[in-house]
Amino acid sequence: MNRRHRPFVAEILTAIGLLVAPFVLRWLGVPPNTINPILIFGLLGIGFDLLFGFTGLLSFGQSAFFGSGGMVAAYVLTRTSMDNTLVALLVAAVASGVIGYLVGLVALRRTGIYFAMITVAIAEVFFFAEFNPLAHWTGGENGLPGVPTPNLRLGFTTIEFTTNEQMYWFFGACYFIGIVLALRIVRSPVGLILRAIRDNPLRASALGHNIHGYKLAVFIVAAIYTGIAGGLLGMMQGFMPPDAFKFETSGEIVMQTAIGGAGTLFGPLLGAAVWIYLSDLFKITLNLGAMWKLILGIVFVLLVMFLRRGIAGGLVDLWGLAAARLLPPRPARSGVEDAAAPPPAVLLPRARRGSGVGGPADEAPRTGTILRASDLSKRYGGIIANRNIDFEVDYGEIRGIIGPNGAGKSTFFKMLTCEVAPSSGTITFEGNDITGRDVSDVCQLGLTKSYQINQLFERLTVRQNLEIAALGVLRGTFRLDLLGSMSGVEGLDGHVAGTAALVNLTPRLDTAVSELAYGEKRRLEIGLALATAPSLLLLDEPLAGMSPGERVDTVALLKSIAKGRTMIIIDHDMDSLFELVNRVTVLQEGSILVEGTPDEIRADRRVQEAYLGGIEGESA
Amino acid sequence: MLSWGNFISQMFNGLVSGALLALIASGLTIIYGTLGVLNLAHGAMFMLGGYGGWIAYTYTGSYTVAVAAGTIFVLLVGVAMERGIIRHFYNRPPEDQLLVTFGLGIVFVEGVRLVFGSLIKMTPPPEIFRGITNLGFMVYPTYRIAALVIVVVALGALYLILYRTRIGMIVRAGIEDSTMVGSLGINVFKVFMLVFGIGAAAAGFAGIVNAPIVSIAPDVGDRYLVLTFVVVIIGGVGSFPGAVLGGLIAGQLLSLTSMIDPAYSEIVLFVAMTLVLMFRPRGLLGTAGRE
């Protein structure tokens, strides 16, 4: 709900903070040469935080970009005739962006721990390359001396920033621009999708987002931030040190961000301040040179163990506690939201493509086959999960799939949504052969699934969850509106409000998913699929784990959704399922046993033998 | 310079360092495979083995005691680390595990630096392995031959533990599916603790065996940590045979390139890693499942 917060508070506070900081710090007796490195590490930390705190990609290889950006800027300024520092920074930004793109292509092939390992290894390549093969350009172990201090050429006049005090204003301005842009990215649709990737990458891509593209984009953004900071480092020191390429540099960036608080943008600045303050305190004041990194390491381990969100996160929590104690509870805002939400029926995300999401609900219903699976099989080694399945669903049909546990129902669904590639056979959806396509493409085409086990974005609110789903339809699989705003996405609010009303979560829109009751989470799970405005909706055990009361409500919900939609539902609750569907397909041991109307299935002797008559179907 | 004799001896150098890398990497990989934790303090384990052995050597003057003491010391450090800290991270995001082991690595390195200083420490090879040996086709430092044999024996022992014992069977089952192993009534936590200890001890053992070849300093493990990553990525994360194969490949790449131009040896290694990632992302002998 960032976009409905007071606008520009963070920006204005940052500006004020940067303006008064030198005076406050001078009064405290902190020399300006301690502040400038804090700003530089704070700046590159912004990029790193976008990568780690917001997208969940922990890179231990930022030193590659820090060093490269710094070397490129220093090279431009010392070995060419160019002496405009802004131009040098621009070149550094472009260079580190290109390098970020190339590194990202390799590193982002894997996720999680693998990703971290690859970034470490790649950063080492840069370290070795700088020292040897590229020593002619980078000065090898000597680095590049003679980097000029920053300047600003305005055409009519030139402002030089030569002393530490003067440079503070230059670095402060850079930091300010950096934070303003980062805040816009965080509040943009891309920013929300990044958080979706952090919380649940599989679902983010199942909702139609090209997560690889977004990951690569944020990786490049982080590289650019880091590269510019590297350029500034050379200007601050008058010398570009090769140490910037060291693994320790990457480690420092990670530690400072974790100490300050990841996912806050300001955390890295705070972390850098604590880091540099402690370093000076131990090295200079207490004269404990060798010990300071040990103490820092211990502090860091304790922080990771007990204060996961760092200092900034801790402060936010404290503030929340204090606010809860001191301020009277705010009246629920849901009333306003309800009034603002137009009648859901109008805004139901139903048919798509052609008429568009906001189009009239009562367009001419299409007829014929919407989905056809031919001769579909899936083998896992020697185990055959599905065997030669031929399956067809018509527009407007509500189809049920039943079968004992292990009959291959979920695998069948996973193949239909292209989460799992079939071993053989083809799938045709609305005339397109979707066999072997990507799950996000299939979602974009209008085929999506609600999961048997909730796949939600736990750290976000209900509204944000629905927005992530809606953004898939409204923006397509990939769009780089990094600086766009959420309110700029046409039809988003209506779409979200409509879906929320449909799954009866309107009063809970601004609640965090982690605080929802199980039944509510289950409805949100269905809501996420609905918000993609599918023309064919698959529901994998929508009633799983529900109490009898919740079942009644959910069946009513499904009935209301069913109007004008095409759905396929798997469930073990036969009474509820037969009430909902037109036709039933029975799977047994990976193959189709029989297909027919609910009455036919009830009467079918084979089904009774195989399933109904035998062990009573498990309800969960 | 590119003589046949030089080539053979570089191959041998590659074999020695490759076997060493294989041992360190198999320690990292069995921990990761079983517990799902990537121990960024693994380089520090290597370093602690070297220091533990060096202390034992200065008191006893015995190489055997030094190797045993260094290994057991790191085994205990590993067990304590798992019990005290890592255990609380199994249910936390993998990023937290990376952060905490990274921090622990710094604590170990800086703790050692504080006590023993930054200067290098020499552990001499035992009397019988000093000098050089004429192998007929070339003359080679005796200790390096001995180290190769010792490391190969250690790898063999690790193989026997993993593939011929009950605990090894549990570990391999745990690599496939640790939840399932737990539900079979096996105390997974006890196994985890042991695996972490053994994995760390493998690195510690390598650390002390390597100490007479390359003298130790507090940050000696850092370079090995990065190389170990490369080995594991090439071989396949979580795969013991992959770690061995990756180690041998990395050893040869490093030493054969350095014969031509030492400046490029690490770079060639990382290029190899990138190629593996592009054409076989799970590693040469890795299985698809675990990320």
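Just a few scattered comments:
- Angle of helix B:166-176 to the longest C-alpha principal axis of chain B, folded into 0 to 90 degrees and rounded to 10: 80°.
- Theoretical FRET efficiency, 1/(1+(r/R0)^6), r = Cβ-Cβ of A:L307 and A:Y101, R0 41 Å, to 0.05: 0.70
- Taken as Cα centroids, region A:204-252 and region B:32-46 sit 26 Å apart, rounded to the nearest whole angstrom.
- About its Cα centre, the dipole of the protein assembly as shown is roughly 840 debye, where the only charges are +1 on Lys and Arg Cβ and -1 on Asp and Glu Cβ.
- Counted over region A:31-104 with a bin width of 5 Å, the fraction of Cα pairs per bin, in whole percents, is 3, 14, 20, 23, 19, 13, 5, 2, 0.
- Region A:1-142, dipole about Cα centre (Lys/Arg Cβ +1, Asp/Glu Cβ -1), debye to the nearest 20: 520 debye
- Subset of A:K246/B:K121; A:K246/A:K283; A:K215/A:K563 violating a 32 Å alpha-carbon distance limit: A:K215/A:K563
- Student exercise, region A:2-321 dipole from Lys, Arg, Asp, Glu Cβ charges, in Debye to nearest 20: 1060 debye
- Dividing the mean sequence gap of close Cα pairs (under 8 Å, 6+ apart) by how many residues chain B holds gives a relative contact order of 37 percent.
- In nm, spacing of pseudo-spin labels at B:S183 and B:I132 (7 Å Cα→C-beta vector): 6.3 nm
- Rel. contact order, % - alpha carbon contacts under 8 angstrom, at least six apart, region A:369-612: 28 percent
- Per-residue shielding of B:257-270, expressed as the average number of other chain Cβ atoms within 10 Å of the residue Cβ, stands at 3.
- Cα-based helix-to-principal-axis angle, A:164-187 vs chain A, degrees rounded to 10: 0 degrees
- On Cα atoms only, tilt of A:518-531 relative to the major axis of chain A in degrees: 90 degrees
- For the pair B:T64 and A:D375, label points projected 7 Å from Cα toward Cβ lie 7.0 nm apart.
- DSSP-defined beta bridges in chain A - what % are antiparallel, rounded to 5: 60 percent
- Here's the picture: charge each Lys and Arg Cβ at +1 and each Asp and Glu Cβ at -1 in region A:16-169, and of A:Y101, A:L43, A:F156 the one pushed furthest to the positive end of that dipole is A:Y101.
- Burial ordering of A:H495, A:H136, A:H209, fewest other beta-carbon atoms within 10 Å first: A:H136, A:H495, A:H209
- Look at the dipole of chain A built from charges on Cβ: of A:G320, A:P7, A:I389, the Cα furthest out on the positive end belongs to A:P7.
- For the protein assembly as shown, taking the reciprocal of the average inverse distance between every pair of different Cα atoms yields a Kirkwood hydrodynamic radius of 30.4 Å.
- Bridge type composition, region A:369-612 - antiparallel percent by DSSP, nearest 5: 55 percent
- Expressed as a fraction of 2.2 N^0.38 Å, the C-alpha radius of gyration for region A:172-260 is 1.31.
- From most to least packed by mean Cβ count within 10 Å, the peptides A:242-248, A:29-35 give A:242-248, A:29-35.
- Between A:L318 and A:A421, residue separation times 0.36 nm minus the direct Cα-Cα distance comes to 32.3 nm.
- B:R87 paired with A:S547, simple spin-label distance in nm, labels 7 Å along Cα-to-beta-carbon: 3.7 nm
- Shape analysis of region B:30-187 yields a ratio of the Cα radius of gyration to the Kirkwood radius, Rg/Rh, of 1.04.
- Part-to-part distance (alpha-carbon centres) for region A:79-155 and region A:399-451, which is given in Å: 44 Å
- Placing R0 at 56 angstrom, the Cβ-Cβ distance between A:D438 and A:L286 gives a FRET efficiency of 0.45 after rounding to 0.05.
- Average beta-carbon neighbours from other chains, 10 Å sphere, peptide B:86-99: 4
- Extension gain, A:E579 to A:R109: 0.36 nm times the residue separation minus the Cα-Cα distance gives 164.6 nm.
- For chain B, the C-alpha radius of gyration divided by 2.2 N^0.38 Å, with N the number of residues, is 0.99.
- Among B:L284, B:S17, B:P241 the positive-end extreme of the charge dipole of chain B (Cβ point charges): B:P241
- Here A:V20 and A:S487 are evaluated by their C-beta separation; at R0 = 30 Å the FRET efficiency comes out at 0.40.
- Using a cutoff of 8 angstrom between alpha carbon atoms and counting only pairs six or more residues apart, the relative contact order for region A:2-321 works out to 31 percent.
- With 0.36 nm allotted per residue and the present C-alpha distance subtracted, the A:V594-A:W169 stretch has 145.4 nm of extension available.
Bear in mind these aren't lab numbers, they're just calculated from the coordinates by the rules spelled out. This structure is a prediction, so every number in the text was calculated from the model and none was measured. A quick note on method: Cβ atoms are made from the backbone with ideal geometry, for glycine too, and the neighbour counts reach across all protein chains shown.
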